[in-house]
Amino acid sequence: MSIGKIGVTSNDLFPIIKKFLYSDHDIFLREIVSNAVDATQKLKTLASSGEFKGEVGELRVSVSIDKEAKTITISDNGIGMTQEEIEKYINQIAFSGAEEFMDKYKDQANAIIGHFGLGFYSSFMVSDKVDIVTLSHKEGAEAVKWSCEGNPEYTLEKVEKADRGTDIVMHISEEEEAFLEESRIQELLNKYCKFLPVEIAFGKKKEWKDGKNVDTDEDNIINDTNPAWTKKPADLKEEDYSDFYRQLYPMGEDPLFHIHLNVDYPFNLTGILYFPKIKNSVEIQKNKIQLYCNQVFVTDSVEGIVPEFLTMLHGVIDSPDIPLNVSRSYLQSDGNVKKIASHISKKVADSLNDIFKNDRADFEMKWDDLRIFIQYGMLTEDKFFDRSKKFMLFKNTEGKYFTMEEYEAIIKENQTDKDSNIITLYATDVDAQYTYIEAAKAKGYDVLVMDSQLDNHLINHLEQKTPTTKYVRVDSDIIEKLIQKDEVKVSKLTEEQRNDLIPVFNSHLPSGKVNYIVAFESLGEEAQPLLITQSEFMRRMKDMAAMNAGMGFYGEMPDSFNLVVNSDHALIENILNDKDAKMGEKLAEVSAKLTPLFEEREQLDALKKDKKADEVPQEEKDKMAEVQKQISAVNAEKEELLKGYGKDNQLVKQLIDLALLANNMLKGAELAKFVKRSVDMIK
Ligand code: ADP
Ligand code: MG
């Protein structure tokens, strides 16, 4: 027996292993099992090249737990190691290349570990002592046992071993004894080793016998050595893809469709991605994409590794170019990983385009479940935006689908405004905005349904990309103004009539959280007498604020609506006539007080006309202020009279309530009062 020192000068190795890899100690099993798999794969290669002439036999890795001895053993019948190879690969290589690096970055152990995988030495995260008992495949080789107790010293001795291959015996430390539980190891094997290319046996298959579970003779193989993604797409049927999906996510809902990735240039990559049904929210998907390196599981937290929108997909990506035993931050900054990510994004766009072109009807059918994903991609990745322009769909209120290009062609003629902007009208709630949609349709306009969680953002994005297209919600203005053409109608009402009507309507408008502005339009005798609209800009800002904490300012603004009075409507004329009949005299009396005040103001204005501000004598300034104050007082008096009149006017109240009702804005007590008043009116 000989004693030696592991080929690192630094004594830091073991403390680093224990301390810094602690949070991720699970991976020791993956590392040791994948080494065993590598050893069997290597033997296969040697056999097929003729270098190894012996009997290959059935290659297999087995994992076993000995609770009494407190060991976990990973055995393989792969190439094994000679004493020289142990010296070279175990004693020397682990950190030899990293020594310089380690000296330099002593305080950044994470960077070291991130950069140089620990592989075999990760076994010391959970072990007090590790033995390697190995017999090389080489003719005449002698078995050796290497043993190390978590310090730079090791022992090496000749032993007896009947079969070719390697046993790694890990003497589990006291604080890691949880790993001696079968269920824990089963869980880890299932996580990391489920698709390894060589059979992994963990104990024996069990059988129910005489009222209890007993071992059979058959090995319990825990992995599928030939997962679907390693096969050729031509050899797979739809069914195989859905079976594989079940294998990955036993609880998952059936996906919409899949794409099979198969790249060998400029890097190697295989995988199958599934598009899940994404309902109307960007919820975090529980079935995550799994990243593999040569069928060894690396991670399923791919945030920062693949573009964010792709994390909504399910499935597996496997590439030998994905570094295995490195830290997450290193993985994120790895050049290969970045290339892979942008490649996947392109592939996904290409496949969607193919599906769209080959089976548009099917694509349309799946659109509602797919759009959030595509919209998210368009919003967050410019390249994806450009690629998806071809297949992104708009749906109109009739349930027809259009690409952006098709849609523009359809609406261009009728929906271009006087400034040459193409106006796309949309509704976010087909029922609530029904009257507006109907009005738009009557005018020959088309209306899109934009009710996804991301539509708001997408609209802003589309407007930025093409400034001549504008998106306007169908209820954001009266129909004539939604798409402003040249013809401007003048209101039938005089300025005085309008000024009189404002307080009359204001007297019934709720105030506080919601603001109303009374406006006048000529909408024709057949249109509704009153309409409520909300400015596109304000509404969008408020919607965005609701989703976006940084825009709190808009969120706190009151909702602001327009109460549009149709000056063509007979009922408005009735109100004006009624007002004149009941209030005409009183109003005239008050208005009469204004005449001398206006005269006086005119005189004062004439006096100061040629003077600079500081040349006007104080006396004149005071007089002017006094006159203004009196005018305001008279106006206020007039307003009070009109408000008082309005308050008692049932018709005004009824019209406002009807307008609110048409917008689904009449609620609670106000709604109950409306119903009662309506019944009283027809009684
Ligand atoms: P890596 O696997 O990245 O090469 P490891 O630290 O995991 O690094 O392993 C170091 C080396 O030890 C391997 O390259 C291999 O030569 C050797 N080795 C480890 N485990 C085995 C095994 N079970 N059979 C044969 N050789 C092994
Ligand atoms: Mg390894």
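The values are calculated or read from the model by the stated rules, or taken from the named source; none is laboratory data. Computed from a prediction, not measured in an experiment: that's the story for all the values here. Here Cβ is always computed from backbone atoms with ideal geometry, including for glycine, and neighbour counts include all displayed protein chains.
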Just to be sure, is Asp486 surrounded by fewer than 17 Cβ atoms within 10 Å (Cβ to Cβ), within 27 Å of Tyr401 (Cα to Cα) and touching a residue at least 60 places away in the same chain (Cβ under 8 Å)? no
Could you check how many residues of segment 352-388 are surrounded by fewer than 19 Cβ atoms within 10 Å (Cβ to Cβ) and either polar (S, T, N, Q) or not in a helix (DSSP H, G or I) (or both)? 4
Would it be correct to say that Ala349 is surrounded by fewer than 16 Cβ atoms within 10 Å (Cβ to Cβ), hydrophobic (A, V, I, L, M, F, W, C), in a helix (DSSP H, G or I) and away from ligand 2 (no atom under 16 Å from the Cβ)? no
Yes or no: Asn223 closer than 16 Å to Glu58 by Cβ and under 33 Å from the mean Cα position of the chain (by Cα)? yes
Per the filter on segment 194-214, residues touching a residue at least 40 places away in the same chain (Cβ under 8 Å) and assigned to a strand (DSSP E or B) are Ile200, Ala201, Phe202, Gly203
Are any residues in segment 440-473 surrounded by 20 or more Cβ atoms within 10 Å (Cβ to Cβ) and closer than 15 Å to Gln528 by Cβ, and if so, which ones? Ala440
Since Leu331 meets every condition but one in (1) within 16 Å of ligand 1 (Cβ to nearest atom); (2) farther than 28 Å from Gly119 by Cα, which condition does it not meet? (2)
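If you go through segment 326-341 one residue at a time, do you hit one that is in contact with a strand residue (DSSP E or B) (Cβ under 8 Å, 6 or more places away or on another chain) and at pLDDT 90 or above? So that I can check it myself, show each step before the final result.
Of the residues in segment 326-341, the ones in contact with a strand residue (DSSP E or B) (Cβ under 8 Å, 6 or more places away or on another chain) are 328, 331, 340-341.
Checking which are at pLDDT 90 or above leaves us with none.
No, that holds for no residue.
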Which members of segment 51-98 meet the condition of being over 44 Å from the mean Cα position of the chain (by Cα) and modelled with pLDDT under 90? Glu87, Lys88, Tyr89, Ile90, Asn91, Gln92
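Matching residues to (1) surrounded by fewer than 19 Cβ atoms within 10 Å (Cβ to Cβ); (2) more than 16 Å from ligand 2 (Cβ to nearest atom); (3) of a type in the set (Phe, Trp, Tyr):
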position	(1), (2), (3)
Ser122	no, no, no
Lys145	no, yes, no
Gly150	no, yes, no
Glu153	yes, yes, no
Is it the case, given these coordinates, that Ala349 is without any contact (Cβ under 8 Å) to a residue 60 or more places away in the chain and under 30 Å from Ile437 (Cα atoms)? no
Can you tell me which condition Val144 does not meet? The list is (1) at pLDDT below 95; (2) within 16 Å of ligand 1 (Cβ to nearest atom), and all the others hold. (1)
Here the residues within segment 435-481 that are in a loop (DSSP other than H, G, I, E, B) and under 20 Å from Ser560 (Cβ atoms) are Val474, Asp475, Ser476, Asp477, Ile478
Residue hits (segment 25-62; away from ligand 2 (no atom under 13 Å from the Cβ) and among the small types (Gly, Ala, Ser)) are Ala47, Ser48, Ser49, Gly50, Gly54, Gly57, Ser62
Restricting segment 288-318 to residues that are part of a loop (DSSP other than H, G, I, E, B) and farther than 21 Å from Phe28 by Cα, the residue that is modelled with the lowest pLDDT: Gly304
Of these, Ile259, Ile185, Ile172, Ile168, which one is buried (at least 19 other Cβ atoms within 10 Å of the Cβ), within 16 Å of ligand 2 (Cβ to nearest atom) and not acidic (Asp, Glu)? Ile168
Take segment 627-673 and flag every residue that is hydrophobic (A, V, I, L, M, F, W, C), closer than 27 Å to Tyr434 by Cα and touching a residue at least 24 places away in the same chain (Cβ under 8 Å). Leu651, Val652, Leu655, Ile656, Leu658, Ala659, Leu660, Ala662, Met665
Any idea which of Leu571, Leu594 is at pLDDT 85 or above, surrounded by fewer than 18 Cβ atoms within 10 Å (Cβ to Cβ), among the aliphatic types (A, V, I, L, M) and within 27 Å of Ile479 (Cβ to Cβ)? Leu571
Kindly indicate whether Phe391 is more than 30 Å from Val298 (Cβ to Cβ), at pLDDT 95 or above, touching a Phe, Trp or Tyr at 6+ places or on another chain (Cβ under 6 Å) and assigned to a loop (DSSP other than H, G, I, E, B). yes
Any chance segment 27-50 includes a residue that's loosely packed, with under 15 Cβ neighbours inside 10 Å, in the same structural domain as Glu85 (by TED's automatic domain parsing), modelled with pLDDT under 70 and among the polar types (S, T, N, Q)? no
Residues of segment 401-415 that turn out to be crowded, with 17+ Cβ neighbours inside 10 Å, farther than 20 Å from Asn353 by Cα and free of Cβ contacts under 8 Å to residues at least 60 places away in the same chain, as a count: 1
Name the one entry in Ile74, Ile86, Ile79 that is assigned to a strand (DSSP E or B), of a type in the set (A, V, I, L, M) and either within 16 Å of ligand 2 (Cβ to nearest atom) or more than 21 Å from Phe124 (Cα to Cα) (or both). Ile74
